[in-house]
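The values are calculated or read from the model by the stated rules, or taken from the named source; none is laboratory data. Predicted, not measured: the structure shown is a model, and the values here were computed from it. Every residue, glycine as well, gets a Cβ built from its backbone with ideal geometry; the counts of neighbours run over all protein chains shown.
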Amino acid sequence: MAKTFGVAEHRILNFFKEGTRFNYEGIDYTVQVSGKPTCAKGEPKTDIYIQAINQRNISKEFKISFKKENADFLENKTNAERAEQLLGDDWCDIISTATSNLRNEFLSRMLIYKKKFAKTDAGAITLGWKFELLNVASGQLSGDMQLTREQVLDVYAGTNLTGDKKDAAVNGINIPNSGISNYILFEDQPVHNAQQAIDALITIEDYVDQNPNVYFACKALNYRTFKGKYDGNRPLAVYVDWHVDNQKLAYDICFDTPLQQGGDYAYERLKAALDDLDVETTDDLNANNVEDTDKIYE
């Protein structure tokens, strides 16, 4: 997906070489600067930056967020820093409220998998759930973020971005606010030239008016006991605090510190508990050493 996206994005950008002419809303423009905004770490919201000038010498920026037709993800590797940039100062309460609204769904999940279940490997123990922002709901651990229009605009445009994510570099030169997008381009139909790309642009504000909801989805991060692995220190919106109680493996599911604990923290808690009980894999877990056997899938 990422490789395909990069090729398509590069192809669109190539239509806007310096000197290219196009018409936007009845006004003729000539491209002066074009490029892909970059920053030292992570990515700005703008994928394609175009600065063009009209016949009256008035400059206009087209800061385009490019999305493939089937791109549901808005943010699929959300951490605390990115959440604050997207959602503002209240990001922690916003995410905690969203996940807490699905408390019963989380509490009903199996946590220990002695057998394979759907895409979950046999031998897995859940450490917690990662957080993703999407255009559409996805799965049972998914819901509407209940954001205001202004907050939805922030998510799509990136108006809360800071540093070089906001003032990104285009062709090696930092341009103020170049990382904050003002247009979206969905490649739902083939684009063959600059004018077709311009004609397909949607302003961020118009898109938000047509699509006022932002959704979240939580995906499990599991420790695979048979392989001794998990998928890295991903920030967790909800995490499982594994511990030993009365010589049995016990847990609490924690909603109130979203994205502030990651896979490493949850794993270390789990590993300490398993070591205390002399447990290596899920094969060693049973009614004698697990407090809540209803959480075992076998």
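If you filter the stretch 163-176 down to residues that are of a type outside the set (A, V, I, L, M, F, W, C) and either in contact with an Asp or Glu (Cβ under 6 Å, 6 or more places away or on another chain) or touching a residue at least 60 places away in the same chain (Cβ under 8 Å) (or both), you find that the one that is surrounded by the fewest Cβ atoms within 10 Å (Cβ to Cβ) is P176.
Look at the stretch 227-247: where a residue is in contact (Cβ under 8 Å) with a residue 12 or more places away in the chain and a partner is small (G, A, S) and surrounded by fewer than 16 Cβ atoms within 10 Å (Cβ to Cβ), sitting 6+ places away or on another chain with Cβ atoms under 7 Å, you get H243/A250; V244/A250. Among the polar types (S, T, N, Q), farther than 23 Å from D256 by Cβ and either assigned by TED's automatic domain parsing to the domain that holds T20 or touching a residue at least 12 places away in the same chain (Cβ under 8 Å) (or both), is that true of N160? Answer is no for this residue. Exactly one residue out of T282, T203 is touching a Ser or Thr at 6+ places or on another chain (Cβ under 9 Å) and either in contact (Cβ under 8 Å) with a residue 60 or more places away in the chain or closer than 30 Å to R149 by Cβ (or both): that is T282. For the residues A8, A98, the requirement of being outside any loop (DSSP other than H, G, I, E, B) and out of contact with any Gly (no Cβ under 8 Å at 6 or more places or on another chain) singles out A8. In the stretch 1-21, the residues that are farther than 27 Å from N76 by Cβ reach residues that are acidic (D, E) and at pLDDT 95 or above with C-beta atoms within less than 9 angstrom, at least six apart or across chains, in these pairs: R21/D28.
Just to check your reading of the model, which residue among T99, T46, T126 is touching a Cys at 6+ places or on another chain (Cβ under 7 Å), among the polar types (S, T, N, Q) and at pLDDT 95 or above?
Among T99, T46, T126, only T99 is touching a Cys at 6+ places or on another chain (Cβ under 7 Å), among the polar types (S, T, N, Q) and at pLDDT 95 or above.
Residues that are among the acidic types (D, E), farther than 30 Å from N182 by Cα and free of Cβ contacts under 8 Å to residues at least 40 places away in the same chain within the stretch 102-152 comprise just one, E105.
Identify the residue in the stretch 26-75 that is more than 15 Å from S178 (Cα to Cα) and basic (K, R) and, among all such residues, is farthest from the chain's Cα centre (by Cα). Only one residue tops the list, namely R56. When we screen S138, S181 for residues that are modelled with pLDDT of 95 or more and part of a loop (DSSP other than H, G, I, E, B), the only hit is S181. Within the stretch 279-298, being over 25 Å from E105 (Cα atoms), in a helix (DSSP H, G or I) and out of contact with any helix residue (DSSP H, G or I) (no Cβ under 9 Å at 6 or more places or on another chain) holds for one residue alone: D283. Being crowded, with 21+ Cβ neighbours inside 10 Å and in a strand (DSSP E or B) is a condition met by at least one residue of the stretch 16-28. Which residues, taken from the stretch 29-52, are touching an Asp or Glu at 6+ places or on another chain (Cβ under 6 Å), not in a loop (DSSP other than H, G, I, E, B) and not hydrophobic (A, V, I, L, M, F, W, C)? Q51, the sole residue that qualifies.
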